[in-house]
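Right, one structure below, let's go through it.
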Amino acid sequence: MATIPEALDIQRVSVLPKSPLGSKNHPLTVLNHCKNVLKRPAHISGPMVRYSKLPFRATVRHFDCDIVYSPMILAREFVRNLMARDSDFTTNKDDTCLIVQVGANNVEDITKVAEMLMPYVDGIGINCGCPIKEQVREGIGAALMQSPDLVADMVRAVKQRCGPEFCVEVKMRIHHDLEETVRWAKTVEAAKPDIITVHGRRKSQRSSEPPNFDAIKLVKDTITSIPVVANGDCFSMEDCNRIAQITGCDGVMSARGILSNPAIFGGYGSTPWSAIELFWDYVTSYGLPFRLTQHHFSEMMEKELSRKERRSMNECTQLVHLIDWFDKRFALKRKGEPGFATESEWPWKATRESFLIEEGLIELTDNIKATLNLSNSNIADSD
């Protein structure tokens, strides 16, 4: 087994972690509370490139999401570049329980980034699952599925530097040979991370292929000293409960599912209107690049809007135009107004056909004209 380089100073830092072991927001405390008190798996919002930033994290916490991840941070850039730190990570006192996922390929970088983040986060996660080719070429993400000794060394180094109470999670994939997956997991377990998360696909598999929940169960049955989280194809609470039942895992992580429906763990089958108003409030309060904001709404509204309506929204070029687009169609409440973020149904101001006709996206037919006349007479009657 490889050892931590002697030239690297791994002295314990004097700074205390944001959430010491045993505190209510330490990830292990959260997992234990869900298991022993709530009698359910922990609900976890997974790391998503660019999209799990502060406004989104704040939104999902309104809907029974217990642990939330940041997007992956590249350790080498983060520790060396102030601009990378400012653009990659923002947080506040309410941003908890938070695990920041880190992409690293050596002990020195992972310990430095862990030390920098420790006062502001509840834990870090070592990314051994990202299949993006650019990251794999750098020895980051899924490339580490061939280097269990290195991952174990990184876990030990962070624990030595930041103290045993600082949470370290490791996110892995599976191999074609599941015996290799078991050996990998046991090697990393011996380094004493706090949590192992298993994505039930191999590096080469596409997201359209179903995950191997039996493989996740195998890891869970093998790893007995720490909690194991299942990841893959959680798009509803029914999926969450089914995955937990099959695998026996302590938590279930959703990424694509929660991106399209931030209220997934609240039991909603699609995005409720309250999540839209909450996200708008957090975007305008905390800030988020316009195109990311637009993409979030496009994902959240996929089941509510037609393709033409989504195209109309995506043609907005500035945040103020996007706000106008919403205000024109919906009764969008602001924080402080009565009823803010309390409604599930979408408050359309008029028939959807009227907006499509106005924008030239559909033609005015006799049937639509009759519908619009009926709608207008109803409005007149209500006045």
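Of the trypsin sites (Lys or Arg not before Pro) found in segment 79-115, those that fall in a DSSP loop while having at most 12 other beta-carbon atoms within 10 Å are Lys93.
For segment 211-322, just say rounded, prolate or oblate: build the C-alpha gyration tensor, square-root its eigenvalues into a ≥ b ≥ c, call rounded for a/c under 1.5, and beyond that prolate if a/b exceeds b/c, oblate if not.
Values: a/c = 2.92, a/b = 2.39, b/c = 1.22.
Since a/c reaches 1.5 and a/b is larger than b/c, the shape of segment 211-322 is classed as prolate.
For segment 239-322, applying the loop criterion from DSSP together with a ceiling of 15 other beta carbons within 10 Å to the trypsin sites (Lys or Arg not before Pro) yields Lys303.
Once P(r) over Cα pairs in 20 Å bins from 0, in percent is calculated for the structure shown, the corresponding label among (1) 27, 52, 18, 3, 0; (2) 26, 48, 19, 7, 1; (3) 26, 61, 13, 0 turns out to be (1). Largest to smallest in accessible area, the residues Ser306, Ser285 fall in the order Ser285, Ser306 (1.4 Å probe, all protein chains included). The residue among Ile276, Phe297, Thr247 whose Cα reaches farthest toward the positive pole of the charge dipole of segment 233-302, with charges on the beta-carbon of Lys, Arg, Asp and Glu, is Phe297. Charged neighbours of Leu178, selected by a Cβ distance under 11 Å, balance to -1 (K, R count +1; D, E count -1).
According to the calculation over all Cα-Cα pairs in segment 27-66, the P(r) per 10 Å bin from zero is 29, 46, 24, 1 %.
Assign unit charges at the C-beta atoms only (+1 for Lys and Arg, -1 for Asp and Glu), then state the dipole size of segment 182-230 relative to its Cα centre in Debye, rounded to the nearest 20.
Working: 9 positive and 5 negative charges, 40 e Å.
Dipole size: approximately 200 debye.
Measuring with a 1.4 Å probe in the full set of protein chains, what accessible area per residue, in whole Å², belongs to the chain?
Details: 17770 Å² over 383 residues.
Computed with neighbouring chains in place, this is 46 Å² per residue.
Accessible surface for Leu28 stands near 30 Å², nearest 10, in the context of the full protein assembly shown (1.4 Å probe). Rolling a 1.4 Å probe over the protein heavy atoms of the chain, with every protein chain left in place, gives an accessible area that is 50 percent carbon and sulfur.
Taking the centroid of alpha carbons for each part, segment 115-134 and segment 246-299 are 21 Å apart.
Measure nothing but the geometry: give the 0 to 90° angle between the long axis through the Cα atoms of 273-286 and the longest principal axis through the Cα atoms of the chain, rounded to 10°. Helix 273-286 sits roughly 60 degrees off the main axis of the chain. On a 0 to 90° scale, report how tilted helix 213-222 is relative to the longest principal axis of the chain, with both axes built from alpha carbons and the result rounded to the nearest 10. Helix 213-222 and the main axis of the chain meet at about 30 degrees.
Simple spin-label estimate for Ala331 and Lys39 gives 3.9 nm between the two label positions (7 Å along the Cα-to-Cβ direction from each Cα). Just to confirm the number: angle between the C-alpha axis of helix 237-247 and the first principal axis of the chain, 0 to 90 degrees, nearest 10? Tilt relative to the chain: about 20 degrees. Note on the chain: GNM, Cα springs under 10 Å; of Pro20, Pro148, Pro347, the largest mean-square fluctuation is that of Pro347. Here is how the number arises for the chain: DSSP H runs of 4 or more residues each give -39500 (n - 2.57), the sum is divided by the residue count, and the result at 222 nm is -12500 deg cm²/dmol. Take the Cα of Lys303, step 7 Å toward its Cβ, do the same at Ser87, and the gap between the two points is 3.5 nm.
The values are calculated or read from the model by the stated rules, or taken from the named source; none is laboratory data. Fair warning: this is a prediction, and the values are worked out from it, not measured in the lab. In this analysis, Cβ positions are derived from the backbone assuming ideal geometry, glycine residues included, and neighbour counts consider all displayed protein chains. What goes into the accessible areas is simple: the full protein's heavy atoms, side chains included, and nothing from ligands, DNA or RNA. Shrake-Rupley method; radii C 1.70, N 1.55, O 1.52, S 1.80 Å.
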